[in-house]
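Inspection log for the structure reproduced underneath, given as structure tokens.
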Amino acid sequence: MNNKLTLKPGEQAKSTTDGRVHISKANTATEVAWQKGYFEFNDEDVYDVMNELVRWYNIEVVYEKDMPLEKMKGTISRSQNISGVLSILEATGIFKFNVMGNKVYVHKAL
């Protein structure tokens, strides 16, 4: 970032690979949820959700072909183990998960 940039409360800045900076409205609830011990999902697909879980639980994810891209919204405590989080995600009726060691297999629900 450069020192000519001024952000207002509720804004965020992101730099691009070509060096440009874009200012946009920040979803502050999502941005600080991790500080409060939560995953905050706001219209995110399975790939975005699972990327958060990969970072937190140090797992590897294997996807079935042609995964549904329905958007999910919700808050889940980070203090839960991976099985608890996957159980909550399965309750959406969109996905099924199988865990083998540190690998999580993601399937479409029937």
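Read the figures in this text as sums done on the coordinates, not as results from a lab. None of the values given here were measured: they were computed from a predicted structure. Cβ coordinates were reconstructed from backbone atoms using ideal geometry, including for glycine residues, and neighbour counts include every protein chain displayed.
Rounded to the nearest 10 degrees, the inclination of helix 46-57 to the longest alpha-carbon principal axis of the chain is 90 degrees.
Beta-bridge orientation, the stretch 37-108: approximately 75 percent antiparallel, per DSSP, counting only bridges with both partners inside. Listed by Cβ neighbour count within 10 Å, with the fewest neighbours leading, MET100, MET50 appear as MET100, MET50. Taking the charge dipole of the chain about its Cα centre, with +1 at Lys and Arg Cβ atoms and -1 at Asp and Glu Cβ atoms, the residue from ASN81, LEU110, THR16 reaching farthest to the positive side is THR16.
With a threshold of 18 Å on the Cα-Cα distance, the over-threshold entries among LYS65/LYS96; LYS65/LYS103; LYS14/LYS36; LYS65/LYS108; LYS36/LYS103 are LYS14/LYS36; LYS36/LYS103. Quick check on the chain: helices-only [θ] at 222 nm, where DSSP H runs of length 4 and up contribute -39,500 (n - 2.57) each and the sum goes over total residues. Nearest 500, please. Calculated from helices alone, the mean residue ellipticity at 222 nm is -6500 deg cm²/dmol. Taking a ≥ b ≥ c as the square roots of the eigenvalues of the Cα gyration tensor of the stretch 35-83, is the shape rounded (a/c under 1.5), prolate (a/b larger than b/c) or oblate? Because a/c hits 1.5 or more and a/b fails to exceed b/c, the stretch 35-83 counts as oblate.
One decimal place: the segment GLU70-LYS4 gains 19.8 nm when fully extended, by the rule 0.36 nm per residue minus the C-alpha distance. Exposure proxy shown here: for LYS108, LYS103, the number of other Cβ atoms within 10 Å sets the order, fewest to most, as LYS103, LYS108.
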